[in-house]
1. All but one of (1) surrounded by fewer than 13 Cβ atoms within 10 Å (Cβ to Cβ); (2) in a helix (DSSP H, G or I); (3) modelled with pLDDT under 95 hold for residue 179, so report the exception by its number.
2. In the stretch 30-45, what count of residues is obtained for those that are modelled with pLDDT under 90 and either farther than 12 Å from residue 213 by Cα or not in a helix (DSSP H, G or I) (or both)?
3. Please enumerate the residues belonging to the stretch 49-59 that are crowded, with 17+ Cβ neighbours inside 10 Å and either small (Gly, Ala, Ser) or at pLDDT below 95 (or both).
4. Just one of (1) surrounded by fewer than 17 Cβ atoms within 10 Å (Cβ to Cβ); (2) touching a Gly at 6+ places or on another chain (Cβ under 7 Å); (3) within 28 Å of residue 216 (Cα to Cα) trips up residue 133, so point out which.
5. When the stretch 64-83 is examined, which residues are found to be within 20 Å of residue 129 (Cα to Cα) and surrounded by 13 or more Cβ atoms within 10 Å (Cβ to Cβ)?
6. Residue by residue through the stretch 212-233, note down the ones that are among the aliphatic types (A, V, I, L, M) and either without any contact (Cβ under 8 Å) to a residue 60 or more places away in the chain or in contact with a His (Cβ under 7 Å, 6 or more places away or on another chain) (or both).
Amino acid sequence: MKNKIYHAVKRCLRFYLYATAIVATLFVLLALTDIPYYAYHNLSLKKQQLTQKADVIVLMGGEGMPSPKGLMRSYFTVKAAHENPNSKIVIALPLKEEDSTEQLDLIANELIKNDINKQRIVFESKGYNTRSQALEILKLFSKQHSILIVSSPEHMYRAVRSFEKVGFEEVGSYPTFEVPEDEEMLKSKDKKRRKEEIQSLDLRYNLWSYMQYEIIVFREYLAIAYYWWKDWI
């Protein structure tokens with residue numbers, strides 16, 4: 001009996017190790033292609049633009065403040081607000097009991113110090129996920145209001161489709177893409193070494209960036225599948 005259990009465990013471990021090796025190999029090989037890049041950018045719905053000025057700009061709070069995503073979304077919301085001067089700005093972030101409205105206030109202050117009138121800012125703190133936030137914002141504005149969503153690129157597909165699903169007729173995408181460092185600044189001034197350094201930069205930076213994209217995209221695909229199963233998108 002013990003031998004059977006031993007051999008069964010051994011077979012399971014062998015299968016696990018083989019499967020892990022295959023997945024890891026595919027993970028690295030995929031990062032050597034442009035597939036992760038295009039998958040990440042396709043989630044952003046960057047081409048889904050409004051046909052008119054936005055009535056409402058929705059800042060999806062994400063991780064709150066201070067955080068890289070919070071700062072990025074605040075920065076892009078300021079840009080969107082200046083481009084749409086008559087719009088209301090909704091900060092959608094679940095209220096945390098331990099800090100009261102501190103997180104909401106931090107984001108609002110970030111907007112205000114960048115010349116955004118505080119009278120334009122509205123808080124939405126009841127929603128606890130993208131679906132419920134869309135429903136709560138629908139209580140504040142009519143379906144005819146044009147909505148511009150500011151969020152991370154990978155979250156944009158799920159966010160836009162969730163707002164469309166609850167009934168908003170025109171929803172635009174405003175993804176918070178990071179701007180990479182200028183490649184020229186990372187290269188040597190010695191022309192003889194440039195070709196080798198360009199290849200090295202492509203391998204080092206693209207490979208690791210694409211691996212991160214793979215993880216981000218896979219995680220978001222799981223969330224999209226869940227929303228699709230719940231009929232939320």
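1. Failed condition: (2).
2. Count: 3.
3. 54
4. Answer for residue 133: the failing condition is (1).
5. 64, 65, 67, 69, 70, 71, 72, 73, 74, 77, listed by residue number.
6. Passing the criteria: 215, 222, 225.
A quick yes/no check of all residues on (1) among the hydroxyl-bearing types (Ser, Thr, Tyr); (2) in contact (Cβ under 8 Å) with a residue 12 or more places away in the chain:
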{"site": "18", "(1), (2)": "yes, no"}
{"site": "22", "(1), (2)": "no, no"}
{"site": "27", "(1), (2)": "no, yes"}
{"site": "51", "(1), (2)": "yes, yes"}
{"site": "60", "(1), (2)": "no, yes"}
{"site": "71", "(1), (2)": "no, yes"}
{"site": "80", "(1), (2)": "no, yes"}
{"site": "89", "(1), (2)": "no, yes"}
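Every residue, every condition in (1) closer than 23 Å to residue 162 by Cα; (2) among the hydrophobic types (A, V, I, L, M, F, W, C), yes or no:
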position: 76; (1), (2): yes, yes
position: 95; (1), (2): yes, yes
position: 103; (1), (2): no, no
position: 121; (1), (2): yes, yes
position: 129; (1), (2): yes, no
position: 135; (1), (2): yes, yes
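The values are calculated or read from the model by the stated rules, or taken from the named source; none is laboratory data. Since this is a predicted model, take the numbers as computed values, not measurements. Ideal geometry is used to build each Cβ from the backbone, glycine not excepted, and the neighbour counts take in all protein chains shown. Heads up: the accessible areas ignore ligands, DNA and RNA and are worked out on the full protein's heavy atoms, side chains in. Shrake-Rupley method; radii C 1.70, N 1.55, O 1.52, S 1.80 Å.
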